[in-house]
1. Looking only at the range 184-213, how many residues end up being closer than 19 Å to SER254 by Cβ and surrounded by 17 or more Cβ atoms within 10 Å (Cβ to Cβ)?
2. Residues that are assigned to a loop (DSSP other than H, G, I, E, B), at pLDDT below 95, under 20 Å from the mean Cα position of the chain (by Cα) and within 30 Å of GLY140 (Cα to Cα): does the range 186-193 have at least one?
3. Please determine whether any residue of the range 259-269 is buried (at least 16 other Cβ atoms within 10 Å of the Cβ) and not in a strand (DSSP E or B).
4. For the range 217-256, enumerate the residues that are under 30 Å from GLY271 (Cα atoms), among the small types (Gly, Ala, Ser) and either touching a Pro at 6+ places or on another chain (Cβ under 9 Å) or surrounded by 16 or more Cβ atoms within 10 Å (Cβ to Cβ) (or both).
5. Given the criteria more than 25 Å from the chain's Cα centre (by Cα) and of a type in the set (A, V, I, L, M), does LEU365 qualify?
6. Considering only residues that are surrounded by 15 or more Cβ atoms within 10 Å (Cβ to Cβ) and either polar (S, T, N, Q) or over 24 Å from the mean Cα position of the chain (by Cα) (or both), which ones fall in the range 304-335?
7. When you check THR368 against the structure, is it in contact (Cβ under 8 Å) with a residue 12 or more places away in the chain, farther than 30 Å from ASN250 by Cα, out of contact with any strand residue (DSSP E or B) (no Cβ under 8 Å at 6 or more places or on another chain) and surrounded by fewer than 17 Cβ atoms within 10 Å (Cβ to Cβ), yes or no?
Amino acid sequence: MKKIIAALALLAPASAGAGGYDLSGKLDLFGGQYFFQGQSGALNGYGVLDAQLSKSYSSSSGFFVSARSVYTGFKQVNELSGGGTLFQQSLDTSLGGVWIKRYEGGYSLKPRVGVKNELFRETKDEKWGEGLYDFTRYEGGLTLEHKTRWGLSTPWIWQLSWDAYYTRYTRFKSLASQYGQELAAPDPGERVLDSLTHQLSYDTELDLPGFMKADLLASVALAGYPDQKVINSEGRYLSSKRSDSYMALNLGLSKRYNDIEKLGRVRPVLGVSVGLANLISNQNHLDTDPKHLKFIRSFYDYSEVRAAPNAQFTFLSCGLVTRLTYEFAVRNYSERLAQQSDGTYTSSALAQYSQNFSFEASYPLYRTLDAKLQGSWSASRSNNRYEQVYRYNYNSSTYFAGLEWRF
């Protein structure tokens, strides 16, 4: 975060209107508490900094630089390396730039570059920057955008994007690669989590009659792991490397309804989104524990379905805005087997069910300053009882209150 603030500080003098620069963004600062598996944590903080510096050279060209930093001071289960991993705190920082060139007919071309860094603390005494799963991701991409109309009266925007990501886990190295020669053990590779991903996506948005909006996002991502070898049923690592393909389809629909005159006029917006996802990987898994020796082909393959209704209510008389979202997801692994608490494998494929309910309220205090309240409840359930590596079953909830300053 310090690096981003310093960079913005250098740019700030030019953002006061000189040279056509414009600096905008927001800063959220919250205090609150989390509850995980029935245990409450100490009061902690949550903060978000979003900033964007933009400049227009003409009506057809310009650029913007965006910075974002998020500090999370409570327990959370993040999906890394194939399953849910529990962390005490995290710090997510990103910096990126986009050049915009507009053409006749409503077309725009947007090349972009960026870098993202995530730091995780698995224990309270672990120092920042020394987390096993800390990573840096370098990004680049190109977007073709077209603003047009569907028929005569329906605004329509679509984007076709290609993106590339190189993710490097700073400290994660395979122990087997370091000691394999001495132990005469197979070598799976050294930086087995590092990956290079290419993604192609199509995003479209329609402003339909009757204050309705529809959006669709379809994407295909191909990820290669340059230093992770594929394992076979004999426990040998092949010369071929792990490669994954991830496909996702998300559809959203929302509608603004007529204002409700009670309570000083309330403007409701109701919506729903549904999503489908599928991951296919050539990597297998060999459990070498003598108590439950098992080879599982295509260990990471899964399909997933998500549904999320949402609602927003704006109280026009006082400016209060409330948002509620509920999401339910089902993930089914095609080959990964569920295990009993002692690690014994069952004959059933592993399935995971998750729910999340979130609430947010925002109330204007003075011009660009709002008071905000946030709360969430999450639950994950699975037919898997063995959790020595990943978390599949847990409950968590949080509540936070604070301020948002827009600049």
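1. The first filter runs over the range 184-213 and keeps only residues closer than 19 Å to SER254 by Cβ, leaving 203-213.
If we keep only those that are surrounded by 17 or more Cβ atoms within 10 Å (Cβ to Cβ) as well, we get 203, 206.
Residues that pass the stated criteria total 2.
2. Here is the first cut: in the range 186-193, the ones assigned to a loop (DSSP other than H, G, I, E, B) are 186-193.
If we keep only those that are at pLDDT below 95 as well, we get 186-193.
Checking the rest, the ones that are also under 20 Å from the mean Cα position of the chain (by Cα) come to 193.
Checking the rest, the ones that are also within 30 Å of GLY140 (Cα to Cα) come to 193.
Taking every residue of the range 186-193 in turn, at least one turns out to be assigned to a loop (DSSP other than H, G, I, E, B), at pLDDT below 95, under 20 Å from the mean Cα position of the chain (by Cα) and within 30 Å of GLY140 (Cα to Cα).
3. no
4. Within the range 217-256, SER219, ALA221, ALA248, GLY252, SER254 meet the criteria.
5. Working: more than 25 Å from the chain's Cα centre (by Cα): yes; of a type in the set (A, V, I, L, M): yes.
Against the criterion (more than 25 Å from the chain's Cα centre (by Cα) and of a type in the set (A, V, I, L, M)), LEU365 qualifies.
6. The answer is ASN310, GLN312, PHE313, THR314, PHE315, LEU320, VAL321, THR322, THR325, ASN332, SER334, GLU335.
7. On the way: in contact (Cβ under 8 Å) with a residue 12 or more places away in the chain: yes; farther than 30 Å from ASN250 by Cα: yes; out of contact with any strand residue (DSSP E or B) (no Cβ under 8 Å at 6 or more places or on another chain): no; surrounded by fewer than 17 Cβ atoms within 10 Å (Cβ to Cβ): yes.
Taking the combined requirement at face value, the residue does not satisfy it.
Here's the yes/no breakdown for (1) touching a Leu at 6+ places or on another chain (Cβ under 8 Å); (2) touching a residue at least 40 places away in the same chain (Cβ under 8 Å):
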| site | (1), (2) |
| --- | --- |
| GLU360 | yes, no |
| SER380 | no, yes |
| ARG385 | no, yes |
| VAL389 | no, yes |
| ASN395 | no, yes |
| ALA401 | yes, yes |
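The values are calculated or read from the model by the stated rules, or taken from the named source; none is laboratory data. Keep in mind it's a predicted model, so treat the numbers as computed, not measured. Every residue, glycine as well, gets a Cβ built from its backbone with ideal geometry; the counts of neighbours run over all protein chains shown.
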